[in-house]
């Protein structure tokens, strides 16, 4: 099978094709909000409980001020989550949780997500935990899977359902700035996505005492990028999480090239303006050195501001042309540095990785190249190519990925150091 193209600098025409691929994939990626239920007390991983009443409705997502003390992963509040869209066959229960994590400024921040626990007693040694990281839905506070029940992934055919059927506790982070109010989402910031993922794994122990440290991560598109960065940060940030491996389905790749291409003000870039503005907003949310007002024209800045409140998975029909987005002569260095720092190829990974990729996905060649780059860095990686699959794998390929995760859980060694 093809191994992808080299990582040499792309020509102009090829780079525009890359931008189109990235934009289409990120825009169309799916995810894996909020069901009502009676409130319960929050509990930390150490077992301490909070007597504060749990707000009803969307008020759940407004964090207490000040935040309670505690380590990352401490449960702030929780309540049952059972929307009509949930259709999981294995006996289980899901809770909506707010928990402590770490912001891009290094300070405590509240995050939200879902935790689904199999019913019944835990087996000897505890239940393994699997995190499912979702794809791009938008960057507004409302664009969280837990806030949109149809996208909460609580169906048997989803990664959540398939992992639950194998006995996993399944956690789904909304990510920082999605769900919980008061903080902006640092879109495609690897550190932030990793911390939100690893901390909801910790929070699972405060909800289900039967949860063990054994952990795997599954993610697609934006979530595939989050899975790779979770592997990068796990040992240093969360040594109490025993990460056995990650699945990164069609991870977001190549986005660090976009600013330089838009600086050329080529009209063909206009179609992809929304993605560039997502990247600028996300980088600015993570890094104070990235200042949209210094990068964008007045029309570009107004469009960037609208993205924070536009409907999830929607496009802005009034975006300005590519020639009226970046200020002429704008210093792109801080933005370029922020995006490069979170590029998937920059991750250093010490656990096994499965990278499933559909042949009908516009990111196919780019992710084959990424897989080669990670292999060259010594990552224990298996690249599986499915010519008939699109950006998000399903059916048999998804079953393959879940089986791979279960094999890592049981300690079955990988077939080879780098397998294509």
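FYI, it's all coordinate maths here, none of it is from the lab. Given the structure is predicted, the values throughout are model-derived calculations rather than measurements. No Cβ is skipped: glycine too gets one built from the backbone with ideal geometry, and neighbour counts run over all protein chains shown.
A few notes on this one:
- The mean of 1/r over all pairs of different alpha-carbon atoms in the range 243-399, once inverted, gives a Kirkwood hydrodynamic radius of 17.3 Å.
- Reported to the nearest whole Å, the Cα centre-to-centre distance from the range 207-231 to the range 292-329 is 33.
- Mean residue ellipticity at 222 nm, helices only, the chain: -9500 deg cm²/dmol; runs of at least 4 DSSP H residues each add -39,500 (n - 2.57), and the sum is divided by the number of residues.
- Each peptide in 287-299, 192-204 gets a packing score, the mean of other Cβ atoms within 10 Å over its residues, and the list from highest to lowest is 192-204, 287-299.
- Here each label is just a point 7 Å from Cα along the line to Cβ, and for residue 332 and residue 156 those points are 5.0 nm apart.
- R0 of 56 Å, Cβ-Cβ distance residue 417-residue 82: FRET efficiency to nearest 0.05: 0.80
- Mean shadow area of the range 50-173 over all directions, Cα convex hull, nm²: 8.7 nm²
- Most to least packed among 386-396, 175-185 [average Cβ atoms within 10 Å]: 175-185, 386-396
- Approximating the spin labels as points 7 Å out from Cα along Cα→Cβ, the residue 93-to-residue 124 distance works out to 2.7 nm.
- Net length available on complete extension from residue 403 to residue 340 is 19.4 nm, with 0.36 nm assigned per residue and the Cα-Cα distance removed.
- Pair-distance distribution P(r) for the range 176-251, from all Cα-Cα distances in 5 Å bins starting at 0: 3, 17, 26, 24, 19, 10, 2 percent.
- 4 °C / 1.567 mPa s Stokes-Einstein diffusion coefficient of the range 259-350, Kirkwood radius on C-alpha pairs, µm²/s: 95 µm²/s
- An oblate overall shape is assigned to the range 343-420, the ratio a/c of its alpha-carbon gyration tensor axes (a ≥ b ≥ c) being 1.5 or greater and a/b not exceeding b/c.
- The tail of the calculated P(r) for the range 253-293 beyond 17 Å holds 30 percent of all Cα-Cα pairs.
- Note on residue 165 and residue 297: the model spin-label points, each 7 Å out from Cα along the C-beta direction, lie 5.3 nm apart.
- For the chain, the average shadow cast by the Cα convex hull is 18.9 nm², which is a quarter of the hull's surface.
- Based on the Stokes-Einstein relation at 4 °C and a viscosity of 1.567 mPa s, and on the Kirkwood radius from alpha carbon pairs, the range 334-385 is assigned a translational diffusion coefficient of 109 µm²/s.
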